[in-house]
Amino acid sequence: MATPVNAQAPSPPQLSDKRYKLLEATMRRYGYQGHALIESLHTAQEAFGYLDDFTLRYIAKSLHLPYSRVLGVATFYNYFTLKPQGEHACVICLGTACYIKGAPELVKAIEDHYHIKVGGTTEDKKLSLLVARCVGSCALAPVAVLDGEVAGKLQPEELLARVRARVGEEVPA
Ligand code: FES
(Lines give C-alpha, C1' and ligand atoms only; values in the text may rest on other atoms or scores of the structure.)
Protein backbone atom coordinates (compact mmCIF):
# COMPACT_ATOMS: atom_id res chain seq x y z
CA MET A 1 0.00 0.00 0.00
CA ALA A 2 1.32 3.45 -0.86
CA THR A 3 2.61 5.61 1.99
CA PRO A 4 0.52 8.75 2.42
CA VAL A 5 2.48 11.95 1.74
CA ASN A 6 1.68 13.24 5.20
CA ALA A 7 3.15 10.18 6.90
CA GLN A 8 6.34 12.00 7.90
CA ALA A 9 4.66 13.68 10.79
CA PRO A 10 6.63 16.14 12.91
CA SER A 11 8.26 14.64 15.96
CA PRO A 12 7.55 16.02 19.45
CA PRO A 13 11.04 17.48 20.21
CA GLN A 14 10.79 19.97 17.38
CA LEU A 15 7.29 20.93 18.41
CA SER A 16 8.50 22.18 21.78
CA ASP A 17 10.06 25.03 19.79
CA LYS A 18 8.09 28.17 20.65
CA ARG A 19 7.80 29.07 17.01
CA TYR A 20 5.52 26.09 16.49
CA LYS A 21 3.27 27.44 19.21
CA LEU A 22 2.81 30.62 17.16
CA LEU A 23 1.97 28.55 14.12
CA GLU A 24 -0.33 26.34 16.13
CA ALA A 25 -2.21 29.41 17.43
CA THR A 26 -2.92 30.57 13.87
CA MET A 27 -4.18 27.17 12.75
CA ARG A 28 -6.31 26.81 15.85
CA ARG A 29 -7.87 30.23 15.24
CA TYR A 30 -9.12 28.93 11.90
CA GLY A 31 -10.31 25.66 13.38
CA TYR A 32 -7.61 23.74 11.45
CA GLN A 33 -9.60 24.30 8.26
CA GLY A 34 -7.99 24.16 4.85
CA HIS A 35 -8.69 27.84 4.21
CA ALA A 36 -6.14 28.65 6.93
CA LEU A 37 -3.35 27.59 4.59
CA ILE A 38 -2.10 31.00 3.40
CA GLU A 39 -2.38 32.54 6.87
CA SER A 40 -0.54 29.58 8.37
CA LEU A 41 2.24 29.84 5.80
CA HIS A 42 2.51 33.55 6.58
CA THR A 43 2.81 32.86 10.30
CA ALA A 44 5.42 30.18 9.71
CA GLN A 45 7.41 32.42 7.38
CA GLU A 46 7.36 35.22 9.94
CA ALA A 47 8.33 32.93 12.80
CA PHE A 48 11.04 30.91 11.06
CA GLY A 49 12.24 33.27 8.35
CA TYR A 50 11.67 30.53 5.77
CA LEU A 51 9.62 27.40 5.20
CA ASP A 52 11.36 24.08 5.49
CA ASP A 53 10.03 20.70 4.55
CA PHE A 54 9.26 19.74 8.13
CA THR A 55 7.08 22.82 8.63
CA LEU A 56 5.27 22.36 5.34
CA ARG A 57 4.45 18.79 6.27
CA TYR A 58 3.34 19.89 9.70
CA ILE A 59 0.94 22.43 8.20
CA ALA A 60 -0.33 19.86 5.70
CA LYS A 61 -1.01 17.33 8.40
CA SER A 62 -2.63 19.82 10.76
CA LEU A 63 -4.93 21.28 8.10
CA HIS A 64 -5.67 17.88 6.55
CA LEU A 65 -4.35 18.98 3.19
CA PRO A 66 -2.18 17.05 0.75
CA TYR A 67 1.49 17.98 1.12
CA SER A 68 1.60 18.65 -2.62
CA ARG A 69 -1.02 21.38 -2.25
CA VAL A 70 0.88 23.07 0.58
CA LEU A 71 4.15 22.89 -1.32
CA GLY A 72 2.41 24.22 -4.44
CA VAL A 73 1.12 27.31 -2.63
CA ALA A 74 4.44 27.89 -0.85
CA THR A 75 6.32 27.87 -4.13
CA PHE A 76 3.74 29.88 -6.07
CA TYR A 77 3.89 33.11 -4.06
CA ASN A 78 7.09 35.16 -4.09
CA TYR A 79 6.49 36.20 -0.51
CA PHE A 80 7.34 32.74 0.74
CA THR A 81 10.93 31.59 0.99
CA LEU A 82 11.74 27.92 1.01
CA LYS A 83 14.65 26.64 3.05
CA PRO A 84 17.73 28.70 2.13
CA GLN A 85 20.56 27.33 0.02
CA GLY A 86 23.27 27.83 2.63
CA GLU A 87 24.66 24.92 4.61
CA HIS A 88 23.94 27.00 7.75
CA ALA A 89 21.11 29.45 8.39
CA CYS A 90 21.24 32.50 10.63
CA VAL A 91 17.75 33.88 11.21
CA ILE A 92 17.67 37.17 13.10
CA CYS A 93 14.43 38.24 14.71
CA LEU A 94 13.31 41.74 13.78
CA GLY A 95 10.11 41.68 15.81
CA THR A 96 9.43 44.73 17.98
CA ALA A 97 11.13 43.50 21.17
CA CYS A 98 14.25 42.37 19.32
CA TYR A 99 14.32 45.46 17.14
CA ILE A 100 14.28 47.75 20.16
CA LYS A 101 17.03 45.73 21.85
CA GLY A 102 19.41 46.06 18.92
CA ALA A 103 18.54 43.41 16.32
CA PRO A 104 19.38 45.77 13.41
CA GLU A 105 22.99 45.84 14.64
CA LEU A 106 23.04 42.04 14.61
CA VAL A 107 21.89 42.07 11.00
CA LYS A 108 24.51 44.65 10.08
CA ALA A 109 27.30 42.65 11.74
CA ILE A 110 26.51 39.58 9.67
CA GLU A 111 25.91 41.55 6.47
CA ASP A 112 29.20 43.41 6.81
CA HIS A 113 31.29 40.42 7.75
CA TYR A 114 29.96 38.06 5.09
CA HIS A 115 29.15 40.64 2.41
CA ILE A 116 25.60 39.40 2.02
CA LYS A 117 22.21 41.01 2.42
CA VAL A 118 19.14 39.62 4.18
CA GLY A 119 17.82 36.75 2.07
CA GLY A 120 21.28 36.14 0.65
CA THR A 121 23.74 33.26 0.82
CA THR A 122 27.53 33.48 0.83
CA GLU A 123 29.31 32.52 -2.38
CA ASP A 124 30.69 29.36 -0.82
CA LYS A 125 27.10 28.43 0.16
CA LYS A 126 28.11 28.11 3.79
CA LEU A 127 25.72 30.67 5.27
CA SER A 128 22.30 32.16 4.55
CA LEU A 129 21.03 35.22 6.37
CA LEU A 130 17.30 35.62 7.00
CA VAL A 131 15.01 37.60 9.26
CA ALA A 132 11.87 36.65 11.18
CA ARG A 133 9.10 38.75 12.76
CA CYS A 134 9.01 37.14 16.21
CA VAL A 135 10.29 33.73 17.10
CA GLY A 136 8.30 33.60 20.34
CA SER A 137 11.23 34.24 22.71
CA CYS A 138 10.82 37.99 23.28
CA ALA A 139 12.16 37.77 26.86
CA LEU A 140 15.52 36.84 25.34
CA ALA A 141 15.62 39.76 22.91
CA PRO A 142 17.52 40.31 20.77
CA VAL A 143 17.32 36.79 19.42
CA ALA A 144 18.86 34.89 16.53
CA VAL A 145 18.25 31.30 15.51
CA LEU A 146 21.30 29.45 14.25
CA ASP A 147 20.46 26.23 12.44
CA GLY A 148 17.33 25.95 14.57
CA GLU A 149 19.05 26.78 17.88
CA VAL A 150 17.78 29.88 19.64
CA ALA A 151 20.41 32.26 21.03
CA GLY A 152 19.26 35.26 23.06
CA LYS A 153 20.47 38.53 24.57
CA LEU A 154 23.03 38.76 21.82
CA GLN A 155 25.59 41.42 21.12
CA PRO A 156 26.84 41.73 17.53
CA GLU A 157 30.33 40.39 18.42
CA GLU A 158 28.85 37.41 20.19
CA LEU A 159 26.56 36.54 17.31
CA LEU A 160 29.42 36.88 14.87
CA ALA A 161 31.61 34.60 16.98
CA ARG A 162 28.85 31.98 17.11
CA VAL A 163 28.24 32.13 13.38
CA ARG A 164 31.95 31.96 12.60
CA ALA A 165 32.31 28.90 14.78
CA ARG A 166 29.31 27.29 13.14
CA VAL A 167 30.50 27.78 9.59
CA GLY A 168 33.96 26.55 10.59
CA GLU A 169 35.65 29.86 9.94
CA GLU A 170 39.16 30.17 11.35
CA VAL A 171 39.22 32.89 13.98
CA PRO A 172 42.65 34.57 14.27
CA ALA A 173 44.25 34.10 17.71
S1 FES B 1 10.24 39.99 18.92
FE2 FES B 1 11.99 38.74 18.74
S3 FES B 1 11.37 36.97 19.78
FE4 FES B 1 9.61 38.18 19.86
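Numbers for the structure displayed
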| quantity | calculated |
| --- | --- |
| Lysines whose Cα lies under 26 Å from that of Lys108, excluding same-chain neighbours fewer than 8 positions away | Lys18, Lys83, Lys117, Lys125, Lys126, Lys153 |
| For Leu154, solvent-accessible area (1.4 Å; no DNA, RNA or ligand), Å² | 10 Å² |
| Gyration tensor over alpha-carbon atoms, the chain, equivalent ellipsoid semi-axes in Å | 30, 18, 14 |
| Extension gain (nm, one decimal) between Asp147 and Arg28, 0.36 nm per residue minus Cα-Cα | 40.1 nm |
| Region 21-99: C-alpha gyration tensor shape, a/c 1.5 cut-off, then a/b vs b/c | oblate |
| The chain, accessible area per residue, ligands and nucleic acids excluded (1.4 Å, Å²) | 54 Å² |
| Surface share of carbon and sulfur [accessible, 1.4 angstrom probe, percent] for the chain | 55 percent |
| Local electrostatic count, Lys126, Cβ distance below 12 Å [Lys/Arg +1, Asp/Glu -1] | -2 |
| Mean Cβ count within 10 Å, highest first, over the residues of peptides 19-27, 112-120 | 19-27, 112-120 |
| Rg over Rh [alpha-carbon atoms, Kirkwood Rh] for region 88-166 | 0.93 |
| Partnerless Cys - the chain, beta-carbon criterion under 4.7 Å | Cys90, Cys134, Cys138 |
| For Thr81, residues with placed amide H under 5 Å, excluding near neighbours | Leu51 |
| Ranked packing of 58-70, 125-137, most packed first, by mean Cβ within 10 Å | 125-137, 58-70 |
| Lysines with Cα under 17 Å of Lys21, excluding same-chain neighbours fewer than 8 positions away | Lys61 |
| Difference of contour (0.36 nm per residue) and Cα-Cα distance, Glu170 to His113 | 19.2 nm |
| Other-chain or far-sequence residues with amide H under 5 Å of Leu127's (modelled H) | Glu87, His88, Thr122 |
| Fraction of beta bridges assigned by DSSP in the chain that are antiparallel (%, nearest 5) | 50 percent |
| Counted charge near Leu23, where neighbours are those whose Cβ lies closer than 15 Å (Asp, Glu -1; Lys, Arg +1) | +2 |
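The values are calculated or read from the model by the stated rules, or taken from the named source; none is laboratory data. These figures come from a predicted structure and were not determined experimentally. Note: ideal-geometry Cβ built from the backbone for every residue, glycine included; neighbour counts use all protein chains shown. SASA here: full protein model, heavy atoms, side chains in, ligands and nucleic acids out. Shrake-Rupley method; radii C 1.70, N 1.55, O 1.52, S 1.80 Å.
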